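Inspection log for the structure reproduced underneath, given as structure tokens.
Each value in this text was obtained by applying a stated rule to the coordinates, not by laboratory testing. No experiment lies behind these values; they were computed from the predicted model shown. Neighbour counts run over all protein chains shown; Cβ positions are idealised from the backbone, glycine included.
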């Protein structure tokens with residue numbers, strides 16, 4: 001039985017090494033990652049909550065997101081701060097709070 005175990009381990013090791021490809025030939029590829037603005041990140045979180053996703057560990061990033069948004073748009077940062085604070089309250093109506101906060105973040109028509 002132990003010979004089978006050794007043979008299986010050896011086969012697995014050879015299979016792993018075979019997938020490494022030829023030595024010295026590394027294909028380099030540059031992948032452009034689109035930077036997500038803090039406001040867009042906040043909107044994505046709020047959209048997820050409005051669809052029923054519960055608030056999770058990402059709540060630890062709420063203050064950082066608000067701080068980044070504040071640099072460009074203090075008014076929207078205040079809206080976000082209030083919405084994020086409401087979302088973290090026990091038994092909060094996550095869907096309603098997120099939906100309302102998203103509406104408040106929309107640009108206001110001039111006039």
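Annotation: peptides 55-64, 68-77, ranked by per-residue average of other Cβ atoms within 10 Å with the highest first, follow the order 68-77, 55-64. Sorting 96-104, 42-50 by their mean Cβ neighbour count within 10 Å, with the most densely packed peptide first, gives 42-50, 96-104. The slack between residue 59 and residue 103, meaning 0.36 nm per residue of separation minus the straight C-alpha distance, is 13.8 nm.
Computed over the stretch 38-105, the P(r) tail beyond 13 angstrom holds 57 percent of alpha carbon pairs. With R₀ set to 41 Å, the beta-carbon distance separating residue 67 from residue 26 gives a calculated FRET efficiency near 0.55.
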